[in-house]
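The structure under discussion appears below in the form of structure tokens.
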Amino acid sequence: MEKSVQNGWPQKSAHREEVAVHVNTTSKNFGDERRRERWLSKAPQAGTQLCALDDIDIPGAKGFTFGDGRDRFDMFVVRTDKDCRAYVNACPHAFTTLETFTDRFLTRNKDQILCTTHGALFNLEDGFCTSGPCAGKSLVPIPIDIRDGEITIAPT
Ligand code: FES
């Protein structure tokens, strides 16, 4: 089947086929591999619906929380004009959630992810920390799929 992609984003077509989203789960920049595995074990099941793609501005981000107490799992999705990525909402410095206000994960000019606890900055495209107390570490990526304009959790 033929894919229809415009400006880096799939367009709806009669085929309505699956579109793979770029998720680099083999990067060496995850930081602690055990921490990554622990986070991913708490992630929602593959196929869990997050939101419509159009619910997130370009650029923009949206947070999601699943469960509570010890089973609570926080994550967020970042959308740019080229791509859509998801990360565990836990800073690799002190493991706090990144945002102070709902869905405010990006810097003022929206070109980096900001941890508001101590000001660490992360690349949108790979979650790598470029500045701050956890420079050189990375946010833990979550695999996602986009199909028919809906964002879902993908198999790990
Ligand atoms: S907890 Fe994020 S920079 Fe310290």
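Structure notes:
- A count restricted to the range 77-97 and to residues that are touching a His at 6+ places or on another chain (Cβ under 9 Å), more than 11 Å from the ligand (Cβ to nearest atom) and at pLDDT 95 or above stands at 2.
- Within the range 105-156, being in a loop (DSSP other than H, G, I, E, B) and within 13 Å of the chain's Cα centre (by Cα) holds for 105, 112, 123, 124, 125, 126, 127, 139, 140, 143, 154.
- Subset of the range 98-126 [more than 9 Å from the ligand (Cβ to nearest atom) and either in contact (Cβ under 8 Å) with a residue 60 or more places away in the chain or of a type in the set (Val, Ile, Thr) (or both)]: 100, 102, 107, 113, 124, 126
The values are calculated or read from the model by the stated rules, or taken from the named source; none is laboratory data. Remember, predicted model here, so these are calculated numbers, not experimental data. Here Cβ is always computed from backbone atoms with ideal geometry, including for glycine, and neighbour counts include all displayed protein chains.
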